[in-house]
Amino acid sequence: MTTALPVADRPGADWDIFCRVIDNYGDIAVSWRLARILTEDHRQVVRLWVDDLNALVHLVPEVDPTEEQQSHREITIIHWTDATVTTPLARFVIEAFGCTIPEDYQRRMPERTVAWFNLEYFSAERWISDYHGRFSPQPNGLQKQFVFPSTRPDSGGLLCEANLFRARDHFVHSEQTTWAHEWHIPLPNGLSLLLFGYENRAIGDLIDDLAQTTTEAVTIYLPEGRLLTSAREHLRHPELMAGDQIQRGTVTLHVLPFLPQAQFDRLLWLCDILFVRGEDSLVRALWAGKPFIWQIYPTDDQAHWEKLDALLDTCRGDLPAPAFDAWRTLTHGWNRQRLAPKSWQNFIEHHAILASAAEKNRLTLAGQTELANWLVKTAYERLQCPTI
Ligand code: TRH
């Protein structure tokens with residue numbers, strides 16, 4: 001965005017984002033990140049409606065879960081309950097992940113709302129290109145527009161802060177030691193891995209493979225959460241908790257406390273290989289430009305396998321077949337919770353080429369649509385006023 005007018009001079013620069021927390025952090029993680037980018041990079045006025053403030057507190061500890069309404073980082077956060085009064089209405093409205101916004105609000109939307117977006121879950125599948133941007137007529141007379149975040153060029157793109165890459169470079173060159181000290185994170189020794197995931201029986205195999213295949217030091221960071229419960233069982237350390245450290249040969253595993261979302265990228269930037277999950281952490285791994293293993297959110301109809309392969313395909317770039325196969329095999333094994341023999345070894349043999357492909361992929365994605373930009377541009381076009 002090049003010409004940022006002061007908020008008061010921009011007609012209708014106000015947004016309502018509605019978010020219901022289904023499970024985990026993904027819904028609120030994406031909604032909060034979007035709220036911040038709209039506010040900080042686009043100088044929009046944002047209200048975030050969220051039904052579960054406790055989920056947001058994990059990501060943003062400054063939020064008070066008992067407040068019905070509060071402001072943080074210039075975003076108005078509203079605890080969304082059935083009783084919430086929904087006036088005044090916003091000019092632009094985002095329904096995150098198909099959460100249905102209150103009926104009364106919907107009925108009154110034509111009085112003021114000019115753009116209504118349904119923000120969908122991330123997918124890199126081909127059909128996204130056809131469905132992104134489509135409209136669906138609603139009973140209140142408005143058209144709801146579907147927005148698909150994706151790594152595909154003809155989609156809504158991915159959320160990315162305007163200063164993210166500058167911050168990354170600054171962190172890597174001059175900040176990481178101080179930062180690690182401040183957050184009580186031991187600095188990595190040798191190759192470093194972040195393991196952020198759901199429960200996974202393969203964690204024992206992974207750490208055994210690591211310990212057996214390398215004579216070099218390896219540092220693993222395991223944030224507390226769902227994967228830690230598997231680590232307790234499969235590493236036979238039932239009491240393992242944040243602050244603990246265990247050693248297997250040359251491998252040191254550190255259990256970390258869950259960090260505020262604003263610090264999460266720094267943890268990724270500190271590591272060489274990123275195990276991520278869900279949606280928001282996947283996007284952050286893409287922006288970190290490091291080799292990553294994605295544990296996809298599994299669905300009962302098994303549709304997640306196609307989604308997983310679609311992501312790998314869109315990020316492949318010019319990776320030669322052996323390196324791509326090694327990446328795909330480890331990714332599939334991690335998602336099946338059973339690693340094929342030598343899958344870690346094969347993967348790590350291709351580390352250099354996978355690292356350079358990940359950085360190239362970051363640059364490619366950075367040249368594509370940015371999601372908040374797309375939303376602002378589209379919303380202002382609807383207002384028929386000069387945009388960005
Ligand atoms: O929590 P998730 O598994 O969320 C999932 C997905 O979004 C999925 O698509 C959706 O269907 C399901 O929820 C309901 O993973 P995700 O999306 O990566 O969100 C995790 C957030 O937590 C992300 O913003 C990173 C953040 N995080 C921290 O802020 N601090 C930490 O220490 C860690 C480990 C993560």
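With +1 on the Cβ of every Lys and Arg and -1 on the Cβ of every Asp and Glu, and nothing else charged, how large is the dipole of segment 164-366 about its Cα centre, in debye rounded to the nearest 20?
100 debye
If you rank THR81, THR151 by how much accessible surface each has, with a 1.4 Å probe, what is the order from largest down?
Final ranking, largest accessible area leading: THR81, THR151.
I need the fraction of alpha carbon pairs in segment 224-309 separated by more than 16 Å, rounded to a whole percent.
Working: 2287 of 3655 pairs.
Counting every Cα pair in segment 224-309, those more than 16 Å apart make up 63 percent.
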Checklist line | Karplus-derived HN-Hα couplings along segment 27-37 (A = 6.51, B = -1.76, C = 1.60, θ = phi - 60°), whole Hz, x at Gly and Pro | finding: 4, 6, 4, 5, 5, 5, 4, 4, 4, 5, 5
Margin query: What does the C-alpha gyration tensor say about the overall shape of segment 1-138? Classify as rounded when a/c is under 1.5, otherwise prolate if a/b is larger than b/c, or oblate.
Written below: rounded
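Ignoring ligands, DNA and RNA, what percent of the accessible area of segment 164-366 is carbon or sulfur (1.4 Å)?
That share works out to 51 percent.
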Note to self: Assuming 0.36 nm per residue, please report the length gained on full extension of the stretch THR81 to SER174 beyond their Cα-Cα distance.
What the structure shows: 29.0 nm
Next item on the list: Evaluate the distance, in nm, between pseudo-label points positioned 7 Å from the Cα of ALA355 and of ASP272 along their respective Cα→Cβ axes.
Entry: 0.6 nm
Notebook entry, point to check: Going out from 0 in 20 Å bins, what whole percent of all Cα-Cα distances in the chain drops into each bin?
Noted result: 27, 56, 17, 0
Item checked: TRP127 paired with GLU74, simple spin-label distance in nm, labels 7 Å along Cα-to-beta-carbon -> 4.0 nm
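Could you state the accessible area per residue of the chain in Å², with a 1.4 Å probe and every protein chain left in place?
Working: 17170 Å² over 388 residues.
Ligands and nucleic acids excluded, the figure is 44 Å² per residue.
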Item checked: Highest to lowest packing among 19-27, 312-320, scored as the average C-beta count within 10 Å -> 19-27, 312-320
Notebook entry, point to check: Heavy-atom accessible area of TRP183 with all protein chains present, probe 1.4 Å, nearest 10 Å²?
Noted result: 70 Å²
Checklist line | Residues of type lysines that LYS377 reaches as a straight line, Cα spacing below 26 Å, ignoring anything fewer than 8 places off in the same chain | finding: LYS144
Next item on the list: Give me the distance in nm between label points sitting 7 Å out from Cα along the Cα-to-Cβ direction at GLU306 and ARG226, one decimal.
Entry: 2.2 nm
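Place the peptides 67-76, 92-101 in order of packing, highest mean first, counting for every residue the other Cβ atoms within 10 Å and averaging per peptide.
92-101, 67-76
Quote to one decimal, in nm, the extra length available between ASP313 and THR299 on full extension: 0.36 nm per residue of separation minus the C-alpha distance between them.
3.0 nm
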Check: Where Rh is the Kirkwood radius over the Cα pairs of segment 256-388, the temperature 20 °C and the viscosity 1.002 mPa s, what D in µm²/s does Stokes-Einstein return?
Finding: 130 µm²/s
Notebook entry, point to check: Ranked highest first by the average count of other Cβ atoms within 10 Å around their residues, in what order do 287-299, 129-141 fall?
Noted result: 287-299, 129-141
Next item on the list: Report the percentage of all Cα-Cα pairs in segment 314-388 whose separation exceeds 18 Å, rounded to a whole percent.
Entry: 56 percent
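Kirkwood Rh over alpha-carbon pairs of segment 164-366, then Stokes-Einstein at 10 °C and 1.306 mPa s: what D in µm² s⁻¹, rounded to an integer?
Details: Rh = 17.2 Å.
So the translational diffusion coefficient is about 93 µm²/s.
The values are calculated or read from the model by the stated rules, or taken from the named source; none is laboratory data. Quick caveat: nothing in here was measured; it's all calculated off a predicted structure. As a convention, Cβ positions derive from the backbone with ideal geometry for all residues, glycine included, and neighbour counts pool all protein chains shown. Heads up: the accessible areas ignore ligands, DNA and RNA and are worked out on the full protein's heavy atoms, side chains in. Shrake-Rupley method; radii C 1.70, N 1.55, O 1.52, S 1.80 Å.
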